[in-house]
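Okay, structure first, notes after.
The values are calculated or read from the model by the stated rules, or taken from the named source; none is laboratory data. From a predicted model like this one, the values you see are computed outputs, not experimental measurements. All Cβ positions, even for glycine, are placed from backbone atoms using ideal geometry, and neighbour counts span all protein chains on display. Ligands, DNA and RNA are excluded from the accessible area calculation, which covers all protein heavy atoms including side chains. Shrake-Rupley method; radii C 1.70, N 1.55, O 1.52, S 1.80 Å.
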Amino acid sequence: EVERLLPHVPARRRYRPVSRFPPVREDLAVVVEEGVPAGTVRRLIEASPLVARAELFDVYTGPPVPAGKKSLAFAVTYQALDRTPSDEEVARERRRIVARLERELGATLRG
């Protein structure tokens, strides 16, 4: 059955080298319009060169989130190949990510 499966295998496989340095993990929750797909938010977070992955772990609607909006919470893993990211680097990158989400999706940081 391999011949039937081969057309579904991508020609290029994307990979990311494994870092020997430990990652920094933190949660990031943003409020967006209900129609904004979580995958779009995740892709924008993962576009950061310092982000190894962002995993959605919670979707919430209801008070205190305004009607017509939802809260998306992600577990974000920051990691570099040549060092452990400092707290200052992570904070700076988080600010950039939040600014991009605000600019492109109208998101707000859930505090």
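May I ask you to verify whether ARG94 is surrounded by 12 or more Cβ atoms within 10 Å (Cβ to Cβ) and either modelled with pLDDT of 95 or more or small (Gly, Ala, Ser) (or both)? Yes, satisfied. Here SER71, SER86 are screened, and the one residue that is out of contact with any strand residue (DSSP E or B) (no Cβ under 6 Å at 6 or more places or on another chain), on the phi < 0 side of the Ramachandran plot and hydroxyl-bearing (Ser, Thr, Tyr) is SER86.
Residues checked against (1) outside any loop (DSSP other than H, G, I, E, B); (2) free of Cβ contacts under 8 Å to residues at least 40 places away in the same chain:
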{"residue": "ASP27", "(1), (2)": "yes, no"}
{"residue": "VAL41", "(1), (2)": "yes, no"}
{"residue": "LEU44", "(1), (2)": "yes, no"}
{"residue": "PRO63", "(1), (2)": "no, yes"}
{"residue": "ARG95", "(1), (2)": "yes, yes"}
{"residue": "GLU104", "(1), (2)": "yes, no"}
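Taking segment 49-62 as the range and being open to solvent by 70 Å² or more (accessible area, probe 1.4 Å) and charged (D, E, K, R) as the test, the residues that pass are ARG53, GLU55.
Residues that are of a type in the set (Gly, Ala, Ser) and in a loop (DSSP other than H, G, I, E, B) within segment 67-93 comprise ALA67, GLY68, ALA80, SER86, listed in sequence order. In summary, LYS70 fulfils each of the numbered conditions (1) at pLDDT 95 or above; (2) open to solvent by 70 Å² or more (accessible area, probe 1.4 Å) with the single exception of condition (2). Give GLU33, GLU46 a once-over and let me know the one that is over 20 Å from ARG94 (Cβ atoms), out of contact with any helix residue (DSSP H, G or I) (no Cβ under 6 Å at 6 or more places or on another chain) and surrounded by 11 or more Cβ atoms within 10 Å (Cβ to Cβ). Checking each option against the conditions leaves just GLU33.
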